[in-house]
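All remarks here apply to the structure that follows.
A short reminder: the numbers here are calculations on the coordinates, not readings from a lab. No experiment lies behind these values; they were computed from the predicted model shown. Cβ coordinates were reconstructed from backbone atoms using ideal geometry, including for glycine residues, and neighbour counts include every protein chain displayed.
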Amino acid sequence: MRQIDLSAVATDVAPLLLGSVLVGTDGVAVRLVEVEAYRGAEDPGSHAYRGRTARNATMFGPPGRVYVYRHLGLHHCVNVVCSPAGTATAVLLRAGEVVAGQEVAWQRRRAAGVCRAERDLARGPARLAVVLGLTLAHDGAPMTIQHSPRDRPAPEASRMRAPEAGARPLELVPADQPVTMRTGPRVGVSGRAGTDAYPWRYWIDGDPHVSAFRAGPGTS
DNA sequence: CGTAAGATTTACT
DNA sequence: GTAAATCTTACGA
């Protein structure tokens, strides 16, 4: 099993997250198939490019926490904070496959809107946040990594978890097998930051749960 | 101080 | 395919 060091730069961490499983609230777990890296002060596409604000403060904190922000007043998106405190890089979780807690996941998605296909449950960053049950209330919450198999809770134990378990740290179980990765420009990012000059979108080749690509404005 | 644009999703024409 | 929903930040007057 590969070690994941979240104090590394987001572009180094992102490939390691592909194929890993993130356990969210109420037993819902998602295998990550698509992520994007954002590199703070070096990255015009990053929320942290122009310095610290109330919204992005979590990204400037220690690594291993989740940065959750609200987009267009409606949606939530989830990042994993990387790099040491003071350096604001992060990995945006864009899509995944629900591998546990399917009933809760479907319930949450139907409450938020229409969802017909299983592959659309967590296909897109805001949808991923919905199925995991993450909102602004979880901004800054710590995430723990299960680096040794004996630390991994029994599947039965996580299914029996009490509702207040949502307050406990999120868990990340690293991929036990390498995945076939592809890279390219990030989705919906405008200007030069959305071009091949910043190929910081990473996804598992051929996986149906990867979201559709959309070019940002001014990236032609 | 007012306006525009954004790491999106859904519903409607 | 296009519009609407509706919050935060950036930027120009």
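Brief remarks on what is shown
- For segment A:66-98, filtered to residues that are charged (D, E, K, R) and surrounded by fewer than 22 Cβ atoms within 10 Å (Cβ to Cβ), the residue that is nearest to DNA strand C (Cβ to nearest atom) is A:ARG70.
- Taken over segment A:14-57, residues that are closer than 28 Å to A:VAL98 by Cβ and in a strand (DSSP E or B) amount to 13.
- Residues that are on the phi > 0 side of the Ramachandran plot and without any contact (Cβ under 8 Å) to a residue 40 or more places away in the chain within segment A:6-51 comprise just one, A:GLY51.
- Of all the numbered requirements in (1) in contact (Cβ under 8 Å) with a residue 12 or more places away in the chain; (2) within 12 Å of DNA strand B (Cβ to nearest atom); (3) among the charged types (D, E, K, R), A:ARG110 misses one, and that requirement is (1).
- Residue list for segment A:191-220, restricted to those being touching a residue at least 40 places away in the same chain (Cβ under 8 Å) and either farther than 21 Å from A:ASN79 by Cβ or within 11 Å of DNA strand B (Cβ to nearest atom) (or both): A:GLY191, A:ARG192, A:ALA193, A:GLY194, A:TRP200, A:ARG201, A:PRO208, A:SER211
- Filter result for A:SER7 (of a type in the set (S, T, N, Q), in contact with a Ser or Thr (Cβ under 7 Å, 6 or more places away or on another chain) and outside any helix (DSSP H, G or I)): yes
- Residue list for segment A:58-75, restricted to those being outside any loop (DSSP other than H, G, I, E, B) and either within 9 Å of DNA strand B (Cβ to nearest atom) or among the aliphatic types (A, V, I, L, M) (or both): A:MET59, A:VAL66, A:TYR67, A:VAL68, A:TYR69, A:ARG70, A:HIS71, A:HIS75
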